[in-house]
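J.: My questions all concern the structure below.
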Amino acid sequence: MTFVNVLRTALSGIAANKLRTGLTMLGIIIGVASVIATLALGNGARAAVENSFRFLGSDQIQVSGQFTVEDGEPKPAGKLLSYEDGLTLPDAAPLIDRVEMTVRGSGKVRHGQTTLDMPFTGVDAGALTSMIADGKVQPVGWPAGDLLTSEAFLARGRFFTHSEVAAGAQVCVLGYKTADDLFLGDDPIGQTVWINRKPCEVIGVIAELETVDEQERTRSKPNETFYLPVSTAVQNLFENDPWVEITARVTDEARMDEAKTQIAAHLRLRHGIEQGNDGKWLDDFRLTTKKDILGVQQDAARTFSVLLAALAVVSLVVGGFGIMNVMLVSVTERTREIGVRMAVGARQQDVVLQFLLEAALLSLAGGLVGILVGILAIPLAASLNAGLALLDPASIPVALLVALATGIIFGLYPALRAARLDPIEALRYE
Amino acid sequence: MNDQNPVIETQNLTKTYRMGAADVLALRGVDMRIGAGDFVALMGSSGSGKSTMMHLLGCLDTPTAGRYLLEGRDVGSLSAQERARVRNQRIGFIFQTFNLLPRLTALDNVALPLLYRAAGGQGDNGTSRLDHGAGSRATGKQSPRERALAALTRVGLADRAGHRPTQLSGGQRQRVAIARALVGDPALILADEPTGNLDSSTGGDIMRLLAELHAEGRTLLLVTHDRAVAEQAEYTLHMRDGRLLP
């Protein structure tokens with residue numbers, strides 16, 4: 001029997017009992033919808049992390065200070081992360097090949113008669129690339145979806161080189177509005193500005209930027225700032241040691257945990273950290289990887305996911321037994337038909353195939369409806385999980401496969417029972 | 001009887017059923033020969049073993065002992081799958097209760113054996129030893145539906161091809177069943193009380209149709225307990241207590 005004919009036979013078997021078929025499919029529908037919603041929850045958490053921690057590469061470890069809140073003010077829990085901590089890290093931790101450090105502060109910048117007070121950032125040579133990866137700001141009028149380049153972020157001149165950062169060169173890059181306000185349209189490149197009374201050569205001007213998020217555009221001022229090499233900023237612009245943010249790049253992505261141990265050992269030594277009574281280290285810093293953040297987010301989604309997954313399993317099993325039941329009834333009702341088919345030459349495998357396909361079609365139809373219900377239920381799942389649920393396109397084939405497998409597994413017994421009928425008995429069946 | 005080319009030849013065919021603790025001897029060594037083109041009636045009272053005989057000849061069951069040669073091939077010891085193929089390609093069944101599938105049209109009912117043949121692997125080849133005989137048609141490249149329509153035309157029901165069994169009269173249903181038995185061009189047509197569920201006038205029509213098929217060269221075995229029906233066959237074999245009477 002050709003596949004098309006088997007299909008036709010199976011379809012007509014299903015069509016003969018529409019109400020029974022619909023009720024049977026209910027379990028599969030709920031089960032498959034739960035599968036879709038469960039995977040959407042995990043996917044939503046993942047997408048949220050991807051979105052807010054875009055700057056952190058999967059081969060990077062973020063090192064940050066621990067803060068406690070006292071009287072509404074954040075206070076460092078121990079020693080601050082210092083520039084020296086970061087500078088010595090690559091030598092102390094073999095798995096770290098380099099670090100990028102950022103220091104923030106505010107200072108006075110003067111050119112001629114004009115003095116401006118504004119926040120600045122001390123950065124590494126890779127700061128432009130990081131800014132692109134972060135994806136929070138973009139050049140004004142940049143077409144949505146277009147790929148950004150470092151060049152697009154520069155209006156004039158260039159950014160720092162690694163050697164300038166290493167040497168602590170007296171150079172700076174101005175924000176768009178800063179350059180405008182200080183030089184009033186003149187070319188600032190090559191000119192000297194005074195930052196906290198120290199001379200600094202302007203080597204570049206950042207393009208006019210705006211936040212990607214339109215609601216934040218009125219609050220944030222991405223163009224009223226300037227950038228220095230982090231080394232220069234730390235040496236010249238702070239009275240005390242400033243605290244820095246450190247991002248460490250690991251040489252081998254598979255050895256992230258090992259790298260974290262090396263960093264921790266280095267910082268514990270430098271900060272003089274001791275173990276508490278319970279043997280735990282009383283760290284004043286925190287090491288974060290993308291995987292850690294993802295884990296936290298997914299933990300939040302997990303409780304709900306587990307419930308949904310349990311619902312999925314229970315529904316699928318119930319649906320599976322429903323299919324088994326309907327198929328057993330169908331086999332009994334059609335005993336004589338099976339006998340006739342055998343008499344005219346249907347082999348056992350033909351009969352198995354017919355009933356198995358019927359069960360598979362039944363569950364597949366339930367699966368399709370279930371996918372639809374699942375997609376419609378995603379907003380509901382999101383509302384129960386802090387808005388984090390996003391349809392995972394891969395969950396659709398997964399759900400269909402689950403439905404199909406349920407149909408085949410639970411349809412096997414009825415199909416085998418049909419095939420094992422004795423044709424003589426089956427033909428006599430009333 | 002054509003003794004040169006027997007379609008059916010059984011030697012000491014024996015069948016024992018187990019009923020609870022006791023063995024029931026349904027067939028006690030039957031030697032039967034039916035030649036190609038014969039129209040034979042098999043008569044016997046209930047319990048004589050004629051139903052068992054028909055199941056064995058139809059390859060629906062296997063003998064406990066003895067041999068069954070269909071067209072010279074020993075089919076008594078075949079596997080279930082091989083027997084299905086023999087039923088599909090060499091045997092046509094006509095039942096007392098017609099046994100049409102209610103959800104299929106007349107045409108689809110008739111085409112059913114051909115659909116199972118399509119996936120049989122060997123198709124029509126290899127078993128068409130009698131195709132050169134009288135009554136066989138050129139069936140080469142026709143589609144199952146074309147062949148089913150030809151068979152329906154043969155029994156005079158081409159205009160009912162799209163009807164479902166419930167839309168047909170008893171006589172018409174049996175004609176559809178006969179077309180289904182014919183469609184695969186079998187070596188043997190087994191008819192089990194084909195007029196048992198029909199009034200005498202309709203039954204007469206069906207018997208005339210069977211006689212026509214015989215005239216076209218078909219080999220028919222008619223199982224019945226009705227003497228009047230049996231008399232329309234070429235000759236009659238009688239069974240009693242699991243034996244063929246001389």
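The values are calculated or read from the model by the stated rules, or taken from the named source; none is laboratory data. Everything quoted here is computed from the prediction, not taken from an experiment. Neighbour counts are summed over all protein chains in view; Cβ atoms, including those assigned to glycine, are modelled from backbone coordinates with ideal geometry. When the accessible area is computed, the model is the full protein with side chains, heavy atoms only, and any ligands, DNA or RNA have been set aside. Shrake-Rupley method; radii C 1.70, N 1.55, O 1.52, S 1.80 Å.
J.: How much length is gained if the chain between A:ARG219 and A:LYS108 is pulled fully straight, taking 0.36 nm per residue apart and subtracting their Cα-Cα distance, in nm to one decimal? Write out the running numbers ahead of the final one.
T.: Values: separation 111, 0.36 × 111 = 39.96 nm, distance 2.15 nm.
Net length gain for the segment: 37.8 nm.
J.: On to the next question. Would you mind computing, in nm to one decimal, how far apart the modelled labels at B:ASN5 and A:THR192 are, each placed 7 Å from Cα along Cα→Cβ?
T.: 12.0 nm
J.: Separate question: Could you state how much accessible area is buried at the A-B interface, both sides summed, with a 1.4 Å probe, in Å² to the nearest 100?
T.: Numbers: alone 22580 and 11660 Å², together 32010 Å².
Interface between A and B: roughly 2200 Å².
J.: I would also like to ask the following. Let me know the mean shielding of B:52-58 by other chains, meaning the per-residue number of their Cβ atoms within 10 Å of its Cβ.
T.: Working: counts 1, 0, 1, 3, 0, 0, 3.
Mean partner-chain Cβ count within 10 Å for B:52-58: 1.
J.: Beyond 24 Å, what percent of the Cα pairs of chain B remain? Please list the in-between numbers first.
T.: Numbers: 13430 of 30135 pairs.
Value for chain B (Cα pairs over 24 Å): 45 percent.
J.: Only helices at least 27 Å long along their axis, Cα-based, and averaging 1.0 or more on Kyte-Doolittle count here, so list those DSSP H runs from chain A.
T.: Details: long enough: A:18-52 (49 Å, 0.95); A:290-333 (58 Å, 1.12); A:348-383 (51 Å, 1.66); A:395-419 (34 Å, 1.73).
The qualifying helices are A:290-333, A:348-383, A:395-419.
J.: Right, next: Taking chain A as a Gaussian network, where each spring joins two C-alpha atoms under 10 Å apart, which residue of A:THR225, A:THR149, A:THR38 fluctuates the most?
T.: A:THR149
J.: Quickly work out the A:LEU380-to-A:PHE321 label distance, labels modelled 7 Å from Cα along the C-beta direction, and quote it in nm with one decimal.
T.: Spacing of the two 7 Å Cα→Cβ label points: 2.3 nm.
J.: For peptide B:176-183, how many partner chain Cβ atoms fall within 10 Å of a residue's Cβ, on average? Present the calculation step by step, with values, prior to reporting the outcome.
T.: Working: counts 0, 1, 0, 0, 3, 2, 0, 1.
Partner-chain Cβ atoms within 10 Å, mean over residues of B:176-183: 1.
J.: Moving on to the next point. Would you kindly calculate the translational diffusion coefficient of the stretch A:242-368, applying Stokes-Einstein with the Kirkwood radius from alpha carbon pairs, for 10 °C and a viscosity of 1.306 mPa s, and quote it in µm² s⁻¹ without decimals?
T.: In µm²/s, the coefficient rounds to 75.
J.: While we're looking at this one, here's another question. Could you state the accessible area per residue of the stretch A:1-126 in Å², with a 1.4 Å probe and every protein chain left in place?
T.: Details: 6000 Å² over 126 residues.
Ligands and nucleic acids excluded, the result is 48 Å² per residue.
J.: Mind checking the per residue accessible area of chain B for me, 1.4 Å probe, whole number of Å²? Don't jump to the answer; show the numbers that get you there.
T.: Working: 10550 Å² over 246 residues.
Normalised by residue count, the accessible surface of chain B is 43 Å².
J.: Looking only at chain B, where both bridge partners belong to it, what percent of the DSSP beta bridges are antiparallel (to the nearest 5)?
T.: Working: 20 of 38 bridges.
Beta bridges within chain B, antiparallel portion: roughly 55 percent.
J.: If Rh is defined by the Kirkwood formula over all Cα pairs and Rg also comes from Cα, what ratio Rg/Rh do you get for the stretch A:60-288?
T.: Values: Rg = 19.1 Å, Rh = 19.1 Å.
Looking at the stretch A:60-288, the ratio lands at 1.00.
J.: OK, next. Note the count of lysine pairs whose C-alpha atoms are less than 15 angstrom apart in chain A, limited to pairs 8 or more residues apart or on different chains.
T.: Values: A:LYS108/A:LYS177; A:LYS108/A:LYS198; A:LYS136/A:LYS221; A:LYS177/A:LYS221; A:LYS260/A:LYS290; A:LYS260/A:LYS291.
Total qualifying Lys-Lys pairs in chain A comes to 6.
J.: Turning to a different aspect of this structure: How much length is gained on full extension from A:ALA405 to A:THR161, taking 0.36 nm per residue of separation minus their Cα-Cα distance? Working shown, then result.
T.: On the way: separation 244, 0.36 × 244 = 87.84 nm, distance 5.84 nm.
Computed gain between A:ALA405 and A:THR161 is 82.0 nm.
J.: Using a 1.4 Å probe over the heavy atoms of the protein chains, calculate the carbon and sulfur portion of the accessible area of the protein assembly as shown as a whole percent. Mind showing how you got there, number by number?
T.: Working: 17400 of 32010 Å².
Carbon with sulfur: 54 percent of the solvent-accessible area.
J.: Follow-up. For Cα pairs less than 8 Å apart in space and 6+ apart in sequence, what is the mean separation divided by the residue count of chain B, i.e. the relative contact order in percent?
T.: Working: 490 pairs, mean separation 76.5, N = 246.
Computed over chain B, the figure is 31 percent.
J.: Would you give the gap between the C-alpha center of the stretch A:134-165 and the C-alpha center of the stretch B:13-49, rounded to a whole Å?
T.: Comparing the Cα centres of the stretch A:134-165 and the stretch B:13-49, I get a distance of 96 Å.
J.: For the stretch A:60-288, what is the relative contact order in percent, using Cα pairs closer than 8 Å and at least 6 residues apart in sequence?
T.: Numbers: 427 pairs, mean separation 78.5, N = 229.
Over the stretch A:60-288, the number comes to 34 percent.
J.: Something else about it: Report, to one decimal in Å, the Kirkwood hydrodynamic radius for the stretch A:380-420 based on all distinct Cα pairs.
T.: On the way: mean 1/r = 0.0781 Å⁻¹.
This gives a value of 12.8 Å.
J.: Please name the residues of the stretch B:75-90 whose accessible area, counted over protein heavy atoms with a 1.4 angstrom probe, falls by no less than 30 Å² between the chain alone and the full protein assembly.
T.: SASA drop of 30 Å² or more in the stretch B:75-90: B:GLN81, B:ALA84, B:ARG87.
J.: Express as a percent, rounded to the nearest 5, the fraction of DSSP beta bridges in the protein assembly as shown (both residues included) that run antiparallel. Before the final figure, lay out the partial values.
T.: On the way: 63 of 89 bridges.
Once the DSSP bridges in the protein assembly as shown are tallied, antiparallel ones form about 70 percent.
J.: Let me ask something else. Roughly speaking, what is the stretch gain from A:LEU147 to A:LEU282, that is 0.36 nm per residue apart minus the C-alpha to C-alpha distance, in nm to one decimal?
T.: Numbers: separation 135, 0.36 × 135 = 48.60 nm, distance 4.38 nm.
Working it through step by step, the gained length comes to 44.2 nm.
J.: Quantify how strongly other chains surround peptide B:107-116 by giving the mean number of their Cβ atoms within 10 Å of each of its Cβ atoms. Let's see the in-between values first.
T.: Working: counts 0, 4, 2, 0, 1, 9, 5, 4, 12, 10.
Per residue, the average neighbour count from other chains is 5.
J.: Would you mind getting the Kirkwood hydrodynamic radius of the protein assembly as shown from its Cα pairs, rounded to one decimal in Å? If you can, show how the numbers build up before the last one.
T.: Values: mean 1/r = 0.0304 Å⁻¹.
Evaluated over the protein assembly as shown, this radius sits at 32.8 Å.
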